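A short write-up of the structure that comes next.
The values are calculated or read from the model by the stated rules, or taken from the named source; none is laboratory data. Being a predicted model, the structure only gives us computed values, none of them experimental. Here the Cβ positions follow ideal geometry from the backbone for every residue, glycine too, while neighbour counts run over all protein chains shown. The accessibility values were calculated without ligands, DNA or RNA, using every heavy atom of the protein model including side chains. Shrake-Rupley method; radii C 1.70, N 1.55, O 1.52, S 1.80 Å.
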Amino acid sequence: MGRVVVGVTVTVAVAACAVAAVVVGRRVKSRRKWKKVGNVLKELEEGCDTSVGRLRQVVDAMAVEMHAGLASEGGSKLKMLLTYVDNLPNGCCFRNADRFVSSLSFQRTEKGPYYALHLGGTNFRVTRVHLSGQPSPVLEHEVERQPVPPHLMTSTSEDLFDFIASSLKEFIAKEGDGSNISQDRRELGFTFSFPMKQMSVSSGILIKWTKGFSIVDMVGRDVVACLQEAFVRKGLDVHVAALVNDTVGTLAVGHYHDPDTVAAIVIGTGTNACYLERIDAIIKCQGLLTTSGRMVVNMEWGNFWSSHLPRTPYDIELDAESPNPNDQGFEKMISGMYLGDVVRRVILRMSLESDMLFGPISTKLSTPFVLRTPLMAAMHEDDSPDLIEVARILNDTFEIPDVPLKARKIVVKVCDVVTRRAARLAAAGIVGILKKIGRDGSGGITGGRNRSDVKMKRTVVAIEGGLYSSYTLFREYLHEALNEILGEDIAKHVTLNVTEDGSGIGAALLAASYS
């Protein structure tokens with residue numbers, strides 16, 4: 001009997017040891033899998049490093065590329081396009097802190113109704129802005145949006161612009177009792193968001209169509225001339241006073257409200273920048289004269305590139321699979337079109353390394369751009385204790401249910417790393433512009449002076465786009481980086497002002513300036 005008891009005891013002990021071994025083995029295996037995920041995260045953090053030293057290298061590279069792009073055509077990744085805009089609108093006078101500031105650069109004061117058309121994709125907008133000639137923080141305006149019928153996107157230039165002219169005529173007819181359609185000539189700004197070579201402030205040659213348009217007879221023609229001809233056919237007495245892109249429009253709105261505005265940044269789905277440059281610094285157009293001695297330059301900064309940019313394997317992969325590889329490198333690292341997909345690629349890599357994160361890999365994880373940046377931002381800014389919003393978005397977007405809290409926290413961290421890099425690089429780009437025009441406290445691109453020797457002017461940068469205005473953490477990281485790069489003594493002289501609807505209101509304001 002004793003031997004039986006001993007035998008049973010030994011058997012139980014062996015079984016217990018076996019169970020314990022299995023449990024320990026599973027724990028070890030689990031730890032190894034989580035460690036793999038941790039290693040992926042660590043590699044991402046190291047690859048996205050944006051130390052102040054590195055950011056200052058990006059600043060210097062941006063300023064140098066700007067200089068090269070102004071020196072010769074094709075001399076830089078930055079196109080540095082001339083806009084022929086040298087007369088920015090102003091609202092007469094403006095309140096700054098406890099004082100009024102008057103614009104000394106441009107002395108005219110705009111008054112009356114002005115119009116804008118924006119053709120930028122499958123929709124177009126008509127805008128009317130009412131200017132009173134008096135300073136006002138709010139501009140009275142009306143906007144009407146319409147889809148472009150799909151068949152017109154591949155028809156003829158005459159069909160497309162006749163449709164636009166007819167829509168403008170209907171918009172004008174709604175004013176008052178509709179009897180004013182034949183009144184005095186109206187001035188209009190035209191925002192045309194397709195590749196073109198600007199020939200003057202009110203003319204530009206279409207280089208190529210994008211965004212689904214393919215109207216062959218239009219390529220190589222002046223887009224303003226085509227629009228004016230359509231106005232004549234429709235009996236409209238409307239003059240296109242300015243042809244602009246949305247970034248220049250943003251600068252116009254910013255300058256209208258604050259004459260210390262010297263640059264504008266659009267950072268939303270895409271990104272671009274423009275700024276006021278001295279005319280004698282535009283070497284590739286020697287002999288060009290303007291009344292103000294300055295001109296707005298459209299940088300097309302989305303195409304900026306430098307070896308100092310912190311590029312990861314995920315960026316390389318995204319670029320290679322994009323419709324425009326080796327193009328728009330800066331845009332692919334900082335704009336809303338791409339941030340969500342960078343995060344998706346990191347999560348996919350983590351899932352491939354370990355099934356502890358989400359379990360079996362969802363096919364949705366392999367679908368490019370399925371995670372839009374607004375959803376990524378919502379996960380990043382989820383402040384609930386259990387990260388409920390993160391779980392919901394992972395389930396709805398990737399069809400991954402019941403994600404462990406630990407995995408949700410890792411996803412939030414990935415969002416943070418990618419967003420922080422983007423915001424800090426955007427800040428470096430802004431300081432690069434300030435350095436080029438001598439507003440960063442260093443004395444400009446040539447340097448040579450101590451910061452203490454430079455008297456800083458108040459400097460305003462107009463900024464537009466949902467990534468900045470709607471994404472709180474992105475905005476905070478950008479401001480943090482500006483302070484770090486410039487130093488607090490210099491940064492206090494630099495203000496970022498949020499503007500709205502540069503492509504509409506800004507174009508109408510430029511029409512007022514050039515009418």
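How about the stretch 391-411: which of its residues are closer than 17 Å to residue 378 by Cβ and either touching a strand residue (DSSP E or B) at 6+ places or on another chain (Cβ under 9 Å) or surrounded by fewer than 17 Cβ atoms within 10 Å (Cβ to Cβ) (or both)? 392, 395, 396, 409, listed by residue number. When residue 461 is tested against (1) buried (at least 21 other Cβ atoms within 10 Å of the Cβ); (2) part of a helix (DSSP H, G or I); (3) modelled with pLDDT of 95 or more, exactly one condition is not met: (2). Just wondering, is there one or more residues in the stretch 160-168 that are under 25 Å from the mean Cα position of the chain (by Cα), touching a residue at least 60 places away in the same chain (Cβ under 8 Å), open to solvent by less than 30 Å² (accessible area, probe 1.4 Å) and closer than 21 Å to residue 131 by Cα? Scanning the stretch 160-168, I find no residue that is under 25 Å from the mean Cα position of the chain (by Cα), touching a residue at least 60 places away in the same chain (Cβ under 8 Å), open to solvent by less than 30 Å² (accessible area, probe 1.4 Å) and closer than 21 Å to residue 131 by Cα, so the answer is no.
The set of residues from the stretch 341-363 being in contact with a Phe, Trp or Tyr (Cβ under 7 Å, 6 or more places away or on another chain) and without any contact (Cβ under 8 Å) to a residue 60 or more places away in the chain comprises 341, 345, 351, 362. Please determine whether any residue of the stretch 294-306 is out of contact with any Lys or Arg (no Cβ under 9 Å at 6 or more places or on another chain), open to solvent by 10 Å² or more (accessible area, probe 1.4 Å) and either of a type outside the set (Phe, Trp, Tyr) or in contact (Cβ under 8 Å) with a residue 60 or more places away in the chain (or both). Looking through the stretch 294-306, none of the residues is out of contact with any Lys or Arg (no Cβ under 9 Å at 6 or more places or on another chain), open to solvent by 10 Å² or more (accessible area, probe 1.4 Å) and either of a type outside the set (Phe, Trp, Tyr) or in contact (Cβ under 8 Å) with a residue 60 or more places away in the chain (or both). Annotation note: Cβ proximity below 8 Å between a residue of the stretch 390-402 that is touching a residue at least 12 places away in the same chain (Cβ under 8 Å) and in a helix (DSSP H, G or I) and a residue that is surrounded by 14 or more Cβ atoms within 10 Å (Cβ to Cβ) and among the hydroxyl-bearing types (Ser, Thr, Tyr) (sequence gap 6+ or interchain) occurs for 398/362.
Residue 413 meets each of the listed conditions (1) in contact with a helix residue (DSSP H, G or I) (Cβ under 7 Å, 6 or more places away or on another chain); (2) basic (Lys, Arg); (3) modelled with pLDDT under 95 apart from (3).
Counting the residues of the stretch 309-327 that are closer than 22 Å to residue 265 by Cβ, in contact (Cβ under 8 Å) with a residue 40 or more places away in the chain and open to solvent by 20 Å² or more (accessible area, probe 1.4 Å) gives 1. Being among the β-branched types (Val, Ile, Thr), open to solvent by 10 Å² or more (accessible area, probe 1.4 Å) and over 18 Å from residue 346 (Cβ atoms) is the requirement here; does residue 388 meet it? Judged against the criteria, residue 388 is a match. Counting the residues of the stretch 403-432 that are closer than 18 Å to residue 371 by Cα and not in a helix (DSSP H, G or I) gives 1.
Among the criteria (1) free of Cβ contacts under 8 Å to residues at least 12 places away in the same chain; (2) assigned to a loop (DSSP other than H, G, I, E, B); (3) out of contact with any helix residue (DSSP H, G or I) (no Cβ under 9 Å at 6 or more places or on another chain), the one residue 291 does not fulfil is (1).
Pick out, from the stretch 62-156, the strands (runs of 3 or more DSSP E) lying fully within it that include 1 or more residues that are at positive phi and either hydroxyl-bearing (Ser, Thr, Tyr) or modelled with pLDDT under 90 (or both).
Because the criterion is at least 1 residues that are at positive phi and either hydroxyl-bearing (Ser, Thr, Tyr) or modelled with pLDDT under 90 (or both), the strands (runs of 3 or more DSSP E) in the stretch 62-156 that meet it are 112-119.
Can you pull out every residue in the stretch 197-210 that is more than 16 Å from residue 249 (Cα to Cα) and hydrophobic (A, V, I, L, M, F, W, C)? Hits for the stretch 197-210 are 199, 205, 206, 207, 209. Scanning the stretch 363-381 for residues that are surrounded by fewer than 20 Cβ atoms within 10 Å (Cβ to Cβ), of a type outside the set (Phe, Trp, Tyr) and more than 16 Å from residue 467 (Cα to Cα) yields a count of 6.
Residues that are surrounded by 24 or more Cβ atoms within 10 Å (Cβ to Cβ), touching a Gly at 6+ places or on another chain (Cβ under 8 Å) and at pLDDT 95 or above occur in the stretch 424-436; there is at least one. Considering only residues in the stretch 220-239 that are surrounded by 14 or more Cβ atoms within 10 Å (Cβ to Cβ) and of a type in the set (Val, Ile, Thr), the one that is farthest from the chain's Cα centre (by Cα) turns out to be 238.
Can you tell me which residue within the stretch 470-515, out of those that are among the polar types (S, T, N, Q) and not in a helix (DSSP H, G or I), is farthest from residue 413 (Cα to Cα)?
Top of the filtered list is 515.
Whether a residue is modelled with pLDDT of 95 or more and under 27 Å from residue 289 (Cβ atoms) was assessed, and residue 224 passes this test.
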